Each structure stands twice: as C-alpha cells, then as structure tokens.
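The values are calculated or read from the model by the stated rules, or taken from the named source; none is laboratory data. The model shown is predicted, which means the values in this text are computed figures rather than measured ones. Here the Cβ positions follow ideal geometry from the backbone for every residue, glycine too, while neighbour counts run over all protein chains shown. Heavy atoms of the whole protein, side chains included, go into the accessibility calculation; ligands, DNA and RNA do not. Shrake-Rupley method; radii C 1.70, N 1.55, O 1.52, S 1.80 Å.
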Number of protein chains: 2
Amino acid sequence: MTTAAIDTAKSVGAATSNTARAWNFCAGPSVLPEEVIRQAQQDLWDVSGTGIGILEHSHRAKTYDKVLAEAVENCRKVANIPAGYQVLFLTGGATSQNFMIPANLLAQNQTADYLTTGYWAEKSAEHAKMYGTIHEAWDGRPIKHVYCPTDGEIRYSATPAYVHMCTNNTIYGTQWRASATDGSIRLPKVPSGVPLIADMSSDIYSRPINVADFGLIYAGAQKNIGVAGTTLVIIRDDLLARNPRELPGMLQYRVHAKDESRHNTPPVFAIYMCGLMFKWILKQGGLAALHKRNMEKAAVIYKAVDESGGFYRGHARPDSRSLMNITFRCPSEQIDELFVKEASKNRMDQLKGHRSTGGMRASTYNAMSLEGCEALASFMREFAKKNG
Amino acid sequence: MTTAAIDTAKSVGAATSNTARAWNFCAGPSVLPEEVIRQAQQDLWDVSGTGIGILEHSHRAKTYDKVLAEAVENCRKVANIPAGYQVLFLTGGATSQNFMIPANLLAQNQTADYLTTGYWAEKSAEHAKMYGTIHEAWDGRPIKHVYCPTDGEIRYSATPAYVHMCTNNTIYGTQWRASATDGSIRLPKVPSGVPLIADMSSDIYSRPINVADFGLIYAGAQKNIGVAGTTLVIIRDDLLARNPRELPGMLQYRVHAKDESRHNTPPVFAIYMCGLMFKWILKQGGLAALHKRNMEKAAVIYKAVDESGGFYRGHARPDSRSLMNITFRCPSEQIDELFVKEASKNRMDQLKGHRSTGGMRASTYNAMSLEGCEALASFMREFAKKNG
C-alpha cells in the first residue's frame, strides 16, 4: 500500500477534520477506534441532550450515574464476570496496584509469590517488599525474559498469600500463551486455594478470559480498554475481607467497593471512555471475535519477521510471542534507527522499542486495524529489500 | 432574559453541534469555557498535526513533553510561582492529599494544626489522625460553619508540624476573605516558621494568590482549572526533604517531583485540560482580571438574595461569603424543590444544595459567565415574585 493510498484510507473517517490520521503503534497510551473518538468529541459538547458536556457533569448526578452503571454492566458482560466479583475503577495507574495489592492482601509475616516475567513484573515484586516477604517463584532475568515459564520451571513457596503474574510483558513482547499459534491464555497451576493475581495492563480484553480463575485482575486502561487516568480492578469478594493493616480509605479496596468507585470524585472522563470501549468491544463481537482478529493482525507482522531471511530478529521465543507487542530488531542499531525514521515518514508512528530491549516494538492493541498491520508488514518487506 | 433568548445566546458557540448548552451551576465537576471544549474536540482527533489524538500519544513522546511543559510553565506564570516550588500533577483527588500530606510531612510524635471551617476541612483533619496528633486550632462545627475565623479565635498548638486550612468551603459557601466587598484572601497568622498548607480545590486561580505564603497548595482540578482526574500540588522544596516514614514511591512527593509528574503513566488528558485552562486564564487577563469578574458575578446573585425581602436566606455570614459557591434557601423546603425544578426547566442546572446545608447552591467558578449569573439573578427575582 502506498503512502498516498494509506492517507486516503485514513481520511475517510475524518468527516469534520482535515487531518489524516497516522497508524499509531504506540505501546500506551495508544490508538483508539475512530468511532469512539467521534462519540467522545460529540459528548464533550453535550452528553445525552443535557446541554452539558461529559467533562462538566457532577459525578453524583443522573447523567454520570448512567455512564458509570453502563460501564460496569458492559465490563461484566464483555468477560461474563460471575457474581462474587466487584468491578472497580481506581486511579494511580497499575503502578499503584503494585503497593495496594500487598498493602491490602499480605500481612507482614506472610509470603507472596511473584512470577517475574518482565520489566513490570520485576517492578511489582520490588514494590511489594515493604509489606511482607516476597518470593520470586520464577525469575526470568537470566533468560532475558524471552519466554514465560512452564509449570515445571516454577518453584512456589510453602503457603503463599497469593501468586502474582503479568499476563503480557509489554516491553519484552512476551505473553502467557497456550502455544505459538493459539492465543488462548495458559495459566500457571498455582497451589490449591491460593488466589492468582494478574496484571493484565497490556492484554486485558484482547482475548477471552475466565475471571473465576483469578482472585484479582488489574489493568491500566490506556492500552486495550480506554485512556490513561483510570485502572480497572476486578476483585473477588473474599479478598475484600482481608485486612492485614491500617490503611487510609483511599487505599482500601473494600472502601472503593462499598462506595462503588465513587468514594471521592472519580476520573469521570477516563471511566466514560472505558464505557465507550466496552460497548465497542461488544459491537465487534466480543472477546472471541477480537481475539481472532488480534491473532490475524499479529500473524501478519510476525510473518514479515520470519520471512525476512534473518533481516529481522524477534526478541520473544516463538511460543511466548505476544499478540499485543511485537518486538524485533534489524541487523544493526543504525538500521533500527533508519527503520523508525522511514516508518514515521510513511505515517507509521511510535515504533521505537523500549530502551531495555532496543530495536522496534509494534503494539497491536484492540483498536489497531488489520489494515494498519498489513501496511506495516508491507513496509517491513520493502525496507528489508532496500537495506538487506 | 427569556428562555428563548438564553437558548439563542448559548447556541452561538455550537458551530458543529445542534444542541444548545445549559447554564451549569454544578459544584464540580463543573462548567468549562466553550472555546476550551472546542479545542479539546479538535485535539481528540489530531493534536498539533501529528495525525494522532491527545488521548493516544505516549506520555514519553515529544507531543506530550510539550503539553506537560506548557502546562507547568503556564501554571507558574498564572500565579507567578517563585523558584523553590515544584508544580506536580497527581491523581487520587484532593481526598488522597488528606492522607498524603500527613504521611509525608507529619511524624507520629508530632502535632499538626487544622482549621476546621467546613465539610472537607473536617475530612482533612479526620484522615490525618492515623499519622500523628491532630489539633483543631479552630472548630467551626458549633457555629455551623457560617464564617471563617479571625486570628483572635484560633488557638494553635505549641509547635505544629504545619497548619492546614481550606480557603473556600464548597458545601457551606464560605471563603477566607478580607472583607465582604473585597475578594482578596485573608490568611491566618500562623506561628512563625510553620508551613501553611491550603486545600484550594474550589477557589484555586479564581483570585490572586501569593504562593510564597504557603508551604503546600493543593486542588482537585475539576472546578476552576480543568477536569476530574488530576490534582494540582504546589510544594516548597524544603518540604520535599521531610521523610517521617517509609512510603511507596507513588505516595512520596519527592518521587513525583524528581520524575516531574511522570513517575508512571500520568492522567494525560486531565493534565492537557489544565494546560488549556491555564492558557485561557492568561488570555482572560490573568488572576486579577478573573477576580474582578468573579466578584461581579457573585455580587449579581448575592444582590438577588439580599433584595428579596427575606424570601431568600443566605447560609454564610456576609463577611465570609464565597465568590465561588453561593448557598441560599427559600422560605420552605417545598419551595426549594420547586426552585430547582423550575430553574432546570429554564436550563439553569445543578442548583440543588448539598444535603448538609439543604437549599440551593450556585457555583460560579471561572468558566461561568456573567451572563449566566445575570440569567440566574433574573430568574430568582421572577421566582420570588411568583412564590413570595
């Protein structure tokens, strides 16, 4: 696809704007569906004929009651969340969950197990240390986080208060997957009765999940389900009762659950955007349909890596390749730089990899289209031909 | 002004929308300037010709670098913030400051003084109790929070770690003011060398302030300077060095200062909106000009209260009347209800008072126009005539 053709394709959606949009492969905050942006533009001025925009309504008034109720209801519908789980919209990012989880669920004399599969999983383990003993049941540092472990490689402690995992490793481009071709989630077999806690910041609602497998799921919204400013927490009721230490109300899950995510003024717009995204996901056919499309999208780009005759080298071991963040390198750092620069000229943006891995990273979250992935794959082939 | 005339006046701004906007007197989240909303609508689609909307840019990329740098720079410019103070954009609302302040600044064996002038000031004092001894140097409960105290009424403890005040009491409609006709801030004379900490959530940047008088200023953005989702904190450098206990990084002012409000993914859109509001404030002529207009706006409504021959009764004592939240009652609760209902029919919205005070509350933050206040005063006169 030529640059001109891409520009034409993208400007179709721009009914009230003269600017064509770029293909945005950013790892987060990241691309949103154009129809969601259009709805938000309208609602900024006036939501539901109230004469007041979404940013200007009281968080205690009827308009927001409905926005919040629909966001929670559709969040539950998307993943078929069973009774006995609360859906919370919090603030402070997934980073704040790194301390809220042990603060709420781990007593000082207890041990929590962490599966350290990447940069953010390392951070989660580090930040938990002030609240109890942290046992790294898997440490992926020696293998440079190129894959997620099998059960045989994990060594749990005797009686962990919980097991913490990160389902998708944004920076290294790995994901807990059943196999290289099957995008379904492969969960570690945790000791019986121990709650599994998952940071799903970069793959939440990108494939089917069985919420009943988890004690707590959390995710920053800015990748697959919304924008920066809120963190989704799905928590099982029995965990709300754990009370290992005195905490301010704002740091207690049970307070936010009791007050239904309105203990104080919530991040109204970020929660509203999650609501729009949940509706959009349902409209796409739900998680099974998105999953199928996400597999197709990633396959198109991995194919360009694998068929490049070694020009592109992927970071992840094929059986742990992420469907969300595709990390690869060119034969040299200089060529990496040229790739990013040339791609940007072709309006494919934010492809520079994280400093930990170098190279490139193409993030293909829910809102990235197959068309965008095909454009990138096509560019990759042309670039390899020119620079190989 | 008739309803039809109001509708016509408001729809002028609605170039790409068919819906007329209401006069929104909400206490927060609250009305925004229409030109700010228009800019946000555009930038949702594409900011600065990047082909990527403001919600979709990485918080580490150049576009957001500029958004953040401008927001900080203009925030400093608006209040002429001197060197030696940091400007931080945090999350968790002003409510989270209630515990972050004592957690960061009060040792367990120290005392902090609180001036309890209203509902939120009460909450601030309550939430601080787990971190040290709290001394209420003024307790406004017995006088039903109808005024803010003079220096002679305040009893400080011997050596407070800080003094906490709330400059405007949103719910009771009182404000620390030099006099009934002069909107300038009257600060309590705190003991020498003791930092004064101010919750300015409902009057920040609505009148000139001398930042050098304070150790720390904080404000939820959703009233005068932006939208729900971020909290502005202006903190003096020496307070960053206080370190009374171990805290997670996300709860330490010094970590956010060192990382310049990007310790983790920040609430990008809420900070962007603050940036637009700071630009708008400068364009209005800055705080002196806004203050003049805010005094005129409030005077128009207080006049309708005072000239109603007792039909309307204000809650606040005249010398402490807020320029931001005007609280009043009709002769009976039934008439209060009718007032809110009839006003809403005339597209004057969100006038119901808080349950603590009952009656009505008209919030007249920076973005509420004089025209809106005149429309309300006119409605009040007609309503009193019909129901008096």
Of residues in region A:96-116 being among the polar types (S, T, N, Q), in contact (Cβ under 8 Å) with a residue 60 or more places away in the chain and within 13 Å of another protein chain (Cβ to nearest Cβ), the one most open to solvent (accessible area, probe 1.4 Å): A:Q108
Count of region A:353-385 residues which are within 12 Å of another protein chain (Cβ to nearest Cβ), closer than 30 Å to A:R141 by Cα and buried (at least 23 other Cβ atoms within 10 Å of the Cβ): 3
Selection status of A:K223, among the charged types (D, E, K, R), under 14 Å from A:A94 (Cα atoms) and assigned by TED's automatic domain parsing to the domain that holds A:L90: yes
Leading residue by the ranking (nearest to A:D306 (Cα to Cα)) among those in region A:132-189 that are modelled with pLDDT under 95 and of a type in the set (S, T, N, Q): A:T181
Residues of region B:73-95 that turn out to be in contact (Cβ under 8 Å) with a residue 24 or more places away in the chain and either acidic (D, E) or more than 13 Å from chain A (Cβ to nearest Cβ) (or both), as a count: 13
Single condition B:D65 does not satisfy, out of (1) surrounded by 21 or more Cβ atoms within 10 Å (Cβ to Cβ); (2) more than 21 Å from B:G215 (Cβ to Cβ); (3) more than 10 Å from every other protein chain (Cβ to nearest Cβ): (1)
Tabulated pairs, region A:266-278, first farther than 13 Å from A:R76 by Cα, second assigned to a helix (DSSP H, G or I) and among the hydroxyl-bearing types (S, T, Y), C-beta under 8 angstrom, 6+ apart or interchain: A:V268/A:Y64
Residue satisfying all of: in region B:256-277; among the small types (G, A, S) and not in a loop (DSSP other than H, G, I, E, B); farthest from B:S201 (Cα to Cα) among these: B:A257
Residue match in region B:34-49 (condition: out of contact with any strand residue (DSSP E or B) (no Cβ under 7 Å at 6 or more places or on another chain), more than 9 Å from chain A (Cβ to nearest Cβ), open to solvent by 20 Å² or more (accessible area, probe 1.4 Å) and modelled with pLDDT under 95): yes
Residues (away from chain B (no Cβ under 13 Å) and surrounded by fewer than 24 Cβ atoms within 10 Å (Cβ to Cβ)) located in region A:234-252: A:I234, A:R236, A:D237, A:D238, A:L239, A:L240, A:A241, A:R242, A:N243, A:P244
Unmet criterion (only one of (1) open to solvent by 10 Å² or more (accessible area, probe 1.4 Å); (2) away from chain A (no Cβ under 14 Å); (3) under 22 Å from B:Y162 (Cβ atoms); (4) not β-branched (V, I, T)) for B:Y119: (2)
All positions within region B:166-208 that are of a type in the set (S, T, Y) and surrounded by 17 or more Cβ atoms within 10 Å (Cβ to Cβ): B:T167, B:T170, B:Y172, B:T174, B:S201, B:S202, B:Y205, B:S206
Contacts under 6 angstrom Cβ, first residue in region B:243-263 being more than 19 Å from A:A125 (Cβ to Cβ), partner open to solvent by 50 Å² or more (accessible area, probe 1.4 Å), 6 or more apart: B:H256/B:H263; B:A257/B:Q86
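Taking region A:23-33 as the search range and keeping residues that are among the aliphatic types (A, V, I, L, M) and open to solvent by 10 Å² or more (accessible area, probe 1.4 Å), which one is nearest to B:I54 (Cα to Cα)?
Restricting attention to region A:23-33, the residues satisfying the condition of being among the aliphatic types (A, V, I, L, M) are A:27, A:31-32.
Applying the additional criterion that residues be open to solvent by 10 Å² or more (accessible area, probe 1.4 Å) yields A:27, A:31.
Values: A:A27: 15, A:V31: 10 Å.
Per the criteria, the residue is A:V31.
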